[in-house]
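No lab work stands behind these numbers, since they all come straight from the coordinates. What you see is a predicted model, and the numbers here were worked out from it, not measured in a lab. Cβ placement follows ideal geometry from the backbone for every residue including glycine, while neighbour counts extend to all protein chains displayed.
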Amino acid sequence: MAINSIGLDTKKTKDVANDLNNLLANFQIYYQNLRGIHWNIKGKRFFDLHVKFEELYTDANVKVDEIAERVLTLGETPLHTFEEYVANAQVPIGKNISQDEKAVTLIVDSLSELLKIERAILDKAGEANDEGTNSMMSDFISEQEKTVWMMKAWLS
């Protein structure tokens, strides 16, 4: 068994990094969706939602960087082209969404997909004894579960 510079099995960490690259691609789509709804939102809730969407895309941008840096830490290369992002996207792509409920539903649907990917990474990282990735996924999951709950409460 080959061990990398952070003490983990290279075969297992390559698998984790591949899954992180999939998450990275999906986060980039989610990020761009958030930018789009931030720019295009209209209606009586504009001011509140415009600010909230900016908060969410700023957070997503930080997470994109963290994911890419984790891929590098595991010894692999992060995806970095729009072609790769779209090819790997499971998150729905939102286009020309300006209505409040459609925008918030896009966020809920996107986070639901991200949570599925993150839980699968959490399992695989656990098998690889990769506590760094585990910790990152646990943090992402708990934050996103709360956001889903809040968005669904808003939709009710």
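Here are a few things to note about the model shown:
- Asp59 falls short on exactly one of the conditions (1) within 14 Å of Tyr31 (Cβ to Cβ); (2) crowded, with 19+ Cβ neighbours inside 10 Å; (3) out of contact with any His (no Cβ under 8 Å at 6 or more places or on another chain), and that condition is (2).
- Qualifying residue in the stretch 29-50 (condition: touching a helix residue (DSSP H, G or I) at 6+ places or on another chain (Cβ under 9 Å), β-branched (Val, Ile, Thr), touching a residue at least 12 places away in the same chain (Cβ under 8 Å) and within 27 Å of Ala128 (Cα to Cα)): no
- Complete set of residues in the stretch 113-131 that are surrounded by fewer than 15 Cβ atoms within 10 Å (Cβ to Cβ) and either of a type in the set (Asp, Glu) or over 15 Å from Asn21 (Cα atoms) (or both): Asp123, Gly126, Glu127, Asn129, Glu131
- Filtered residue count, the stretch 73-119, keeping only those that are assigned to a loop (DSSP other than H, G, I, E, B) and farther than 30 Å from Asn4 by Cβ: 8
- Within the stretch 132-149, being surrounded by 14 or more Cβ atoms within 10 Å (Cβ to Cβ) and of a type in the set (A, V, I, L, M, F, W, C) holds for Met136, Met137, Phe140, Ile141, Val148.
- Residues of the stretch 72-87 that are closer than 11 Å to Ala25 by Cβ and either surrounded by fewer than 18 Cβ atoms within 10 Å (Cβ to Cβ) or among the hydrophobic types (A, V, I, L, M, F, W, C) (or both): Leu79, His80, Thr81, Phe82, Glu83, Glu84, Val86, Ala87.
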